[in-house]
Amino acid sequence: MNPDEGRLELLQGTLDMLILRTLQWGPQHGHGIGQAIRAQSDDVLKVETGSLYPALHRLEKRGWLEAEWGVSEARQRAKYYRLTVMGKAQLSRERDRWSQLVDAIGRVMNPAPASKD
């Protein structure tokens, strides 16, 4: 089986929400964020470097993340990201929007039976 078979492409904007959610558990470096998303999704979601780092920079620019340099578990210099107060508020908004989206898609995919009036 192809290793990428069974993996899903992320909806636009979903990566931001997943990054914010991952950082809710505490500061993490970029590689660790990608690993956490992959592990939490049971290897279904794999975030490519070319998507992850631009997203981290975008979220930092918006004030939702702060970053500082540190040393990783592998003793490598790494940039650690953490949620800001604004980032926590954004995560809450993203969760609400995600719930609405899931509900709406569910109604389309599994419509209620027509009533017999």
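Read-outs: derived from the displayed coordinates by stated rules, not from any lab. It should be emphasised that the depicted structure is a prediction, and the values quoted were computed from it without experimental measurement. When we count neighbours, we look across all protein chains shown, and the Cβ atoms used for this are built from the backbone with ideal geometry, even at glycine.
Identify, please: which residue in the range 66-117 is of a type in the set (Lys, Arg) and over 20 Å from the mean Cα position of the chain (by Cα) and is, among those, farthest from GLY30 (Cα to Cα)? Walk me through how you get there before you give the answer.
First pass over the range 66-117, keeping only residues of a type in the set (Lys, Arg): 75, 77, 79, 82, 88, 93, 95, 97, 107, 116.
With over 20 Å from the mean Cα position of the chain (by Cα) added as a condition, the list becomes 75, 77, 107, 116.
On the way: ARG75: 15, ARG77: 12, ARG107: 36, LYS116: 55 Å.
Going through the qualifying residues, I end up with LYS116.
Checking the conditions here, which among ALA104, ALA112, ALA89, ALA74 is loosely packed, with under 15 Cβ neighbours inside 10 Å, among the hydrophobic types (A, V, I, L, M, F, W, C) and closer than 17 Å to THR14 by Cβ? Before you say what the answer is, go through the steps one by one.
Numbers: ALA112 fails: closer than 17 Å to THR14 by Cβ; ALA89 fails: closer than 17 Å to THR14 by Cβ; ALA74 fails: closer than 17 Å to THR14 by Cβ.
Residue meeting the stated conditions: ALA104.
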